[in-house]
Amino acid sequence: MLLRSLLFAPANRPELLAKFPGVGADAYAPDLEDGTPPAAREAARAGLAEALKGARGGRSDIKLFVRVNAIGSEDSPKDVAAAEAAGADGLVLPKAESAGDIAALGTRLPIIAGIESVRGVVEANAIAKAAGVLAVYFGAEDFAADIGGRRTKEGLEVLYARSQVVIAAKAAGVKALDQVVIDIRDDDGFRRDAEMARNLGYDGKMCLLPRQVGLAHEAFAPSATEIDRAARLIAAYEKATAEGKGTIDFEGRMVDPPILKAAQAILAAGRA
Amino acid sequence: MLLRSLLFAPANRPELLAKFPGVGADAYAPDLEDGTPPAAREAARAGLAEALKGARGGRSDIKLFVRVNAIGSEDSPKDVAAAEAAGADGLVLPKAESAGDIAALGTRLPIIAGIESVRGVVEANAIAKAAGVLAVYFGAEDFAADIGGRRTKEGLEVLYARSQVVIAAKAAGVKALDQVVIDIRDDDGFRRDAEMARNLGYDGKMCLLPRQVGLAHEAFAPSATEIDRAARLIAAYEKATAEGKGTIDFEGRMVDPPILKAAQAILAAGRA
Amino acid sequence: MLLRSLLFAPANRPELLAKFPGVGADAYAPDLEDGTPPAAREAARAGLAEALKGARGGRSDIKLFVRVNAIGSEDSPKDVAAAEAAGADGLVLPKAESAGDIAALGTRLPIIAGIESVRGVVEANAIAKAAGVLAVYFGAEDFAADIGGRRTKEGLEVLYARSQVVIAAKAAGVKALDQVVIDIRDDDGFRRDAEMARNLGYDGKMCLLPRQVGLAHEAFAPSATEIDRAARLIAAYEKATAEGKGTIDFEGRMVDPPILKAAQAILAAGRA
């Protein structure tokens, strides 16, 4: 499953969820947590089945991961029951802080676990390896609020945590989704942030608006230039191997199997 | 307890300690370790009670954390005994490398533990959680000397260790003090370094001179612009919540509970 | 043993190995893994003793660490046997992912262990501490390919992993070798990368070509300016200590024992 984008929208706003079929995101997160104010959650749960039906628009390829409230909250068990009853494809669990939090959900649905607190980062390896986890996400804004720090555009202040989360995900063999960009009209800022995420090994980004979904898909797919260069590199390498060489000088760079592997991954992603 | 600044001064220089009452630091560290040469330590311990009395200047709000020598040194037990007898408010333990080092002090005084070696960074979580620890500090110069590296102004070479230490502190629920700035006449350099420390979640900085204390207090308190923006953001968010919205578009940024929480923290800090 | 440079060359190219005596690297790695294509490995092993003899050129100061294939591959036990029989001084083990991988080599030769996968980074502390390990290296290209990321010249995407590896090495008391630079004609790029490696605490770099060896030796040795400054700093500090001071103001910087220790290390390295 591709996971270049996970688009969030408030679960109490069926009119926004109804726009999902036109967006083309890889997955969607109707949000019962931060997106829905506490006072509106009871009604949102009551209307969830109807809202998810609208979000699918009759299509079978719309993946809906309902974000429930964190373990320990009063809303949590009610959210899980409502999401299961409404036929969600999976759950998004915010503020996961241990493998036990994942088990405590008591669901058979696949889970995208949010690592977005100091404790969550310390426990990242255990969370990513927990049974049922399909992917993790790094929530930079929550992490910064929890540690008492401040966010910058450059993001050096979260580089350790952001790196730790993607490493934990890949060590566990699950996907990794990168932080949101809250500057919702700054497309260049989104592109730069997504570029860094892809460099780090993230598979995609959480998106706050449909316009960010397109930007994410561009950023997490190889460009035509990258694909062309990868194809030429592979051809040159295969020729050299046939001549008994394990490394070649390709356009000024020494190419050996790891570089070849990266080029092959670019071609495979370009075909996807 | 606020800990925006911890001002160091040699414990063998009573004339320098006597200036503490005029400085206004959140805490002070009369230094029996690096600040006092080995040959002068015996005399410094003998004069410590008198020196601390001078450092307080008759005031009850001066917090004195005596820096003792590292566990394993000959000075260590003598320093602890002298600090306790002299009525110190706490101890600063340099080069802590395990939870056992904290226990080995054998004191009931609260401890600020220095994480400033390779092993200390590896054991940061255990050190921060040890009983009696009130705060930890990251010692970049010692860490760089221990790992055989070099310090730069930008500091990317210690970003991992500096991040690890503040994460360990906050996971353990204790305060975190950032590295010293040894360029003692470079105020802009100090401001930039403190800015980064605050972004990372540090509560304050170790200071080498009284002039650095004022710079630290500025850096670790929200500016008037930050406070004003936080107040407007909170007002806008409360209005939206009353209308059933969990997220708002505030001056081009998508605001949800973590952003709100950060704004509330700024207002609270501004009032402190 | 100095380890500022480890020069790789394909083990199936005796004419390249024969150039080693003229290069002056601190150690050399005839490469049976990525440097030798799978189809050429049998022959390379058969000719290894002769090739290593040529690589030594009759000299006793040429250190040859044969890179064998990763644990679990068919080549691995054959490579180890061939390297031992050919009189190698040690082995380079790529893609080490656990302490068990080191033991699985079943050799008495000293080992340079490659940490170059997501799992390897997670297990870095255990790998560096394993019996028989003399040094570790960080393989950024393999790591990036494994995590599904991309390399940049600035390298922020691997800063966490690169920092973790050198910290694990120094905590275990072994040497650390930094990533290769594949842009083989970009000397300035190599210098910048080596500069950062030295700042981080690395002892040297893996080299792909003889020309990189000279650049590495320059980067990992203190410059004349550094040595001169260190000597002046030490003299000033010793004078101050004699006067009962533990810290001094040296050219605008506050100097205390860790800074002194760094200066002493520069002088010692300058003499080496």
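The values are calculated or read from the model by the stated rules, or taken from the named source; none is laboratory data. All values reported here derive from a predicted model rather than from experimental measurement. Here the Cβ is made from the backbone with ideal geometry for all residues, glycine too, and neighbour counts use every protein chain on show.
Scanning region C:98-116 for residues that are within 14 Å of chain A (Cβ to nearest Cβ) and surrounded by fewer than 24 Cβ atoms within 10 Å (Cβ to Cβ) turns up just one, C:98. Within region B:118-133, is there a residue that is closer than 18 Å to residue B:94 by Cα, more than 12 Å from chain A (Cβ to nearest Cβ), in a loop (DSSP other than H, G, I, E, B) and touching a residue at least 60 places away in the same chain (Cβ under 8 Å)? Scanning region B:118-133 turns up no residue that is closer than 18 Å to residue B:94 by Cα, more than 12 Å from chain A (Cβ to nearest Cβ), in a loop (DSSP other than H, G, I, E, B) and touching a residue at least 60 places away in the same chain (Cβ under 8 Å). Based on this model, can you work out whether residue C:90 counts as modelled with pLDDT of 95 or more, touching a Pro at 6+ places or on another chain (Cβ under 6 Å) and within 14 Å of chain A (Cβ to nearest Cβ)? So residue C:90 does not fit the description; no. With respect to being crowded, with 24+ Cβ neighbours inside 10 Å and over 16 Å from the mean Cα position of the chain (by Cα), residue A:225 falls outside the description.
Within region A:47-61, the set of residues being of a type in the set (A, V, I, L, M, F, W, C) and surrounded by fewer than 19 Cβ atoms within 10 Å (Cβ to Cβ) comprises just one member, A:49. With the checklist (1) within 14 Å of chain B (Cβ to nearest Cβ); (2) outside any helix (DSSP H, G or I); (3) within 16 Å of residue B:171 (Cβ to Cβ) in hand, flag the one item residue A:161 doesn't pass. Residue A:161 satisfies every listed condition except (2).
Looking across region A:243-272 at every residue that is hydrophobic (A, V, I, L, M, F, W, C) and more than 12 Å from every other protein chain (Cβ to nearest Cβ), the one that is surrounded by the most Cβ atoms within 10 Å (Cβ to Cβ) is identified as A:267. Being away from chain A (no Cβ under 11 Å), in a helix (DSSP H, G or I) and surrounded by fewer than 19 Cβ atoms within 10 Å (Cβ to Cβ) narrows it down to one residue among B:231, B:216, B:240; which is it? None of the others qualify; the one that does is B:231. Quick check, is residue C:83 more than 26 Å from residue A:262 (Cα to Cα), in a helix (DSSP H, G or I) and small (Gly, Ala, Ser)? Yes; evaluated as a whole, the condition is true for this residue.
So that you can scan it fast, the table gives a plain yes or no per residue for (1) within 20 Å of the chain's Cα centre (by Cα); (2) free of Cβ contacts under 8 Å to residues at least 12 places away in the same chain; (3) within 25 Å of residue C:169 (Cα to Cα); (4) outside the structural domain of residue B:172 (by TED's automatic domain parsing):
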| residue | (1), (2), (3), (4) |
| --- | --- |
| B:34 | yes, no, no, no |
| B:51 | no, no, no, no |
| B:72 | no, yes, yes, no |
| B:86 | no, no, no, no |
| B:110 | yes, no, no, no |
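Here residue C:149 meets the list (1) over 29 Å from residue B:120 (Cβ atoms); (2) outside any loop (DSSP other than H, G, I, E, B); (3) over 17 Å from the mean Cα position of the chain (by Cα) almost entirely, failing just condition (2). How many residues, within region A:1-46, are surrounded by 23 or more Cβ atoms within 10 Å (Cβ to Cβ), within 9 Å of chain B (Cβ to nearest Cβ) and not in a loop (DSSP other than H, G, I, E, B)? Of the residues in that region, 3 qualify. Among the residues of region A:66-75, is there at least one that is crowded, with 24+ Cβ neighbours inside 10 Å and either touching a Cys at 6+ places or on another chain (Cβ under 6 Å) or farther than 16 Å from residue B:257 by Cβ (or both)? Looking for residues that are crowded, with 24+ Cβ neighbours inside 10 Å and either touching a Cys at 6+ places or on another chain (Cβ under 6 Å) or farther than 16 Å from residue B:257 by Cβ (or both), one finds at least one in region A:66-75, hence yes.
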